[in-house]
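These notes are about the structure you will find just below.
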Amino acid sequence: MTTEQLQAHFDTKIEADLSIEAKDWMPDAYRQNLIRQINQHAHSEIIGMLPEANWLTRAPTLRRKAVLLAKVQDEAGHGLYLYSAAETLGCSRQDIYQKLLDGKMKYSSIFNYPTLSWADVGVIGWLVDGAAIVNQVALCRASYGPYARAMVKICKEESFHQRQGYEAVMALAKGNEAQRAMLQDAINRFWWPTLMMFGPNDSDSPNSAQSMAWKIKRFSNDELRQKFIDNTVPQLEALGMTAPDPALTWDETTGHYRFGEINWDEFYQVLKGRGICNHERLEAKRRAWESGSWVREAASVHAKKMAAKKQAA
Ligand SMILES: [Fe+2]
Ligand SMILES: [Fe+2]
């Protein structure tokens with residue numbers, strides 16, 4: 001088949017909502033776009049373990065600790081599914097991971113904020129995992145099959161993460177004055193960075209239209225952000241807490257909440273590496289990579305020995 005015929009076949013499949021599989025022909029730009037998106041997503045899962053892991057040794061009860069440990073381990077699993085999904089597109093995991101360590105690939109800006117109190121752990125589960133679900137539920141129908149299928153499993157776990165977070169913040173909201181103040185402070189710090197997780201406004205997001213045409217993205221950044229706000233404000237009110245946004249109001253005519261202007265300058269600063277924890281996060285991953293070198297060496301020696309044994313037999 002000629003490239004034009006292959007392209008036409010690809011377009012027909014996208015049009016008909018049929019999934020594109022690893023061995024199917026796909027335009028190079030589609031492949032490269034997916035490699036970037038899936039790996040950035042994988043990096044976010046892996047880096048996202050760090051802010052919460054910071055509280056594993058200080059969880060207030062054994063139950064909270066066990067739940068948090070399970071959640072942080074889930075995030076490692078999400079990273080692994082996603083690296084595997086990306087590998088089906090022909091990229092090398094080692095190469096991609098090295099790019100993260102070298103600061104040449106991005107991950108979600110939210111993880112460059114510090115976790116200063118126990119309330120932050122609950123708020124991350126509730127707001128950050130809550131925002132991730134809104135994004136990821138839409139990705140369960142992404143046109144690339146291996147990505148969409150990884151998302152289905154991930155979403156099931158994300159909804160547990162969101163619930164454990166909400167349950168933890170509910171306990172604080174029902175607690176004493178100091179606990180409520182700690183919760184409000186965590187919401188104040190995480191509210192706006194969570195809204196930034198959906199990416200720039202549609203008018204400033206040039207790649208989004210192409211991703212939507214390829215049906216990788218099904219909803220625009222602004223649509224997803226609005227959906228998250230509409231879901232979350234009633235939960236915020238149920239807690240008796242407030243958002244740090246005086247412009248947040250219910251709009252009867254549209255049936256949606258209105259909200260204030262996001263500080264995009266902060267978003268771009270964090271993205272450029274100037275967030276509070278950018279340096280610390282990458283440093284932690286570089287240290288882990290170096291201190292794990294003996295495991296990789298041992299594994300490769302073992303693999304070689306096994307291969308030699310097989311050949312001899
Ligand atoms: Fe996750
Ligand atoms: Fe999660």
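The values are calculated or read from the model by the stated rules, or taken from the named source; none is laboratory data. Since the model is a prediction, treat every value here as computed from it, not as a measurement. Cβ atoms come from the backbone with ideal geometry, glycine included; neighbour counts cover every protein chain shown. Note: accessible area is taken over every heavy atom of the protein model, side chains too, but ligands, DNA and RNA are not part of it. Shrake-Rupley method; radii C 1.70, N 1.55, O 1.52, S 1.80 Å.
Given Cβ point charges of +1 (Lys, Arg) and -1 (Asp, Glu) and nothing else, what value in debye, to the nearest 20, does the dipole of the chain about its Cα centre take? Can you show the working numbers first?
Numbers: 38 positive and 37 negative charges, 329 e Å.
It works out to roughly 1580 debye.
With the Cα gyration tensor of the chain in hand, convert its eigenvalues to equivalent ellipsoid semi-axes via √(5λ) and list them largest first in whole Å. Mind dumping the intermediate values first?
Details: eigenvalues 240, 156, 57 Å².
The three semi-axes for the chain are 35, 28, 17 Å.
Can you tally the net charge around Ala86? Count Lys and Arg as +1, Asp and Glu as -1, for every other residue whose Cβ sits under 15 Å from the Cβ of Ala86. Residues close to Ala86 contribute a combined charge of +2. A straight Cα-to-Cα reach below 15 Å connects Lys106 with the aspartates and glutamates Glu45, Asp95, Glu280, Glu283, residues fewer than 8 places away in its own chain not being considered. Given +1 at the Cβ of Lys and Arg, -1 at the Cβ of Asp and Glu and no other charges, the dipole of the stretch 165-313 around its Cα centre is 1520 debye to the nearest 20.
Okay, helix-only estimate at 222 nm for the chain: each DSSP H run of n ≥ 4 adds -39500 (n - 2.57), divide by all residues, round to 500 deg cm²/dmol; what do you get?
Numbers: 14 runs with 204 residues, N = 313.
Result for the chain: -21000 deg cm²/dmol, rounded to the nearest 500.
Send over the Kirkwood Rh of the stretch 158-313, from the inverse of the averaged 1/r over different Cα pairs, rounded to one decimal Å. One over the average 1/r among Cα pairs gives 19.9 Å for the stretch 158-313. Here the accessible area is traced with a 1.4 Å probe on the protein chains. For the stretch 3-245, carbon and sulfur cover 56 percent of it.
Each residue, His9 and Gln269, gets one label point 7 Å from its Cα in the Cβ direction; the gap between the two is 5.2 nm. Taking all protein chains as they are arranged and a probe of 1.4 Å, the heavy atoms of Trp55 leave approximately 30 Å² accessible to solvent. Over all projection directions, the Cα-based convex hull of the stretch 42-127 averages an area of 6.0 nm². Pairs exceeding 24 Å between alpha-carbon atoms, taken from Lys104/Lys285; Lys71/Lys285; Lys65/Lys104; Lys23/Lys215; Lys156/Lys227; Lys65/Lys174: Lys65/Lys104. Couplings 3J(HN,Hα) of the stretch 86-99, computed from phi: 5, 4, 5, 8, x, 8, 9, 4, 5, 4, 5, 5, 4, 5 Hz, in residue order, whole Hz [Karplus 6.51 cos²θ - 1.76 cosθ + 1.60, θ = phi - 60°; x for Gly and Pro].
Mind ranking 263-275, 37-49 by how tightly packed they are, going by the mean number of other C-beta atoms within 10 angstrom, highest first?
Details: 263-275: 14.5, 37-49: 23.2.
Highest-to-lowest ranking by the protection proxy: 37-49, 263-275.
A simple spin-label model places the labels of Ser84 and Trp250 4.5 nm from each other, with each point 7 Å out along Cα-to-Cβ.
Per residue, what accessible area does the stretch 1-80 have, given a 1.4 Å probe and all protein chains present, in Å²? Let's see the in-between values first.
Details: 4130 Å² over 80 residues.
With the other protein chains kept in place, the stretch 1-80 gives 52 Å² per residue.
Accessible surface calculations at 1.4 Å, restricted to protein heavy atoms, place the stretch 185-252 at 45 Å² per residue. For the stretch 243-270 and the stretch 115-188, what is the separation of their Cα centres, given in Å? Taking the Cα centre of each part, the stretch 243-270 and the stretch 115-188 sit 19 Å apart. Across the chain, C-alpha contacts under 8 Å between residues 6 or more apart give a mean separation that, scaled by the residue count, equals a relative contact order of 18 percent.
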